[in-house]
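Structure in structure tokens, see below.
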Amino acid sequence: SRANSKTSSFSYYDFVMTNPPFYASQADATTPRQGDNRPRTDMTKSESVYPGGELGFVLDMMKDSVLFKDHVTWYTSMIGKKSTLTQLIRILRDAGFGTGSVRTTEFLQGNQLRWGIAWTFRDVS
């Protein structure tokens with residue numbers, strides 16, 4: 001296929017792991033938190049902002065994963081918003097990914113709750 005000919009010289013990896021920028025704009029990243037007025041992040045703009053925020057980042061990653069599906073077994077990302085996780089699961093299911101091909105988990109450290117999502121194009125029966 002055309003995609004395979006473009007990627008045939010690439011290496012093979014067991015997984016890709018990402019921690020995407022959470023914010024969709026610099027204003028989102030720099031507005032103090034409600035309640036305690038603390039800064040949201042110490043990250044630089046390039047670390048904290050991506051068009052569409054974490055959802056936009058992972059959607060772009062999903063598009064790229066189609067091109068490299070024969071070179072990576074699992075694609076993974078940490079997610080900071082439960083609403084983003086729900087949307088991503090729905091998008092993967094709508095694209096035909098089965099239960100075994102999409103995995104999620106929760107990360108809890110102190111009061112901070114995050115989620116992880118993983119997907120694969122391989123048969124995981």
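The values are calculated or read from the model by the stated rules, or taken from the named source; none is laboratory data. Values in this document were obtained by computation on a predicted structure and should not be read as measured data. FYI the Cβ positions are ideal-geometry reconstructions off the backbone, even for glycines, and counts take in every protein chain you see. Keep in mind that these areas ignore ligands, DNA and RNA; they rest on the heavy atoms of the full protein, side chains included. Shrake-Rupley method; radii C 1.70, N 1.55, O 1.52, S 1.80 Å.
Specify which of the listed residues (90, 114) is open to solvent by 80 Å² or more (accessible area, probe 1.4 Å), basic (Lys, Arg) and without any contact (Cβ under 8 Å) to a residue 60 or more places away in the chain.
Unique residue meeting the criteria: 90.
Here is a follow-up. Select, from 66, 72, the only residue that is over 15 Å from residue 22 (Cα atoms), touching a residue at least 60 places away in the same chain (Cβ under 8 Å) and open to solvent by 50 Å² or more (accessible area, probe 1.4 Å).
66
Here's a follow-up. Give just the number: which of (1) modelled with pLDDT of 80 or more; (2) in a loop (DSSP other than H, G, I, E, B); (3) of a type outside the set (A, V, I, L, M) does residue 15 not satisfy?
(2)
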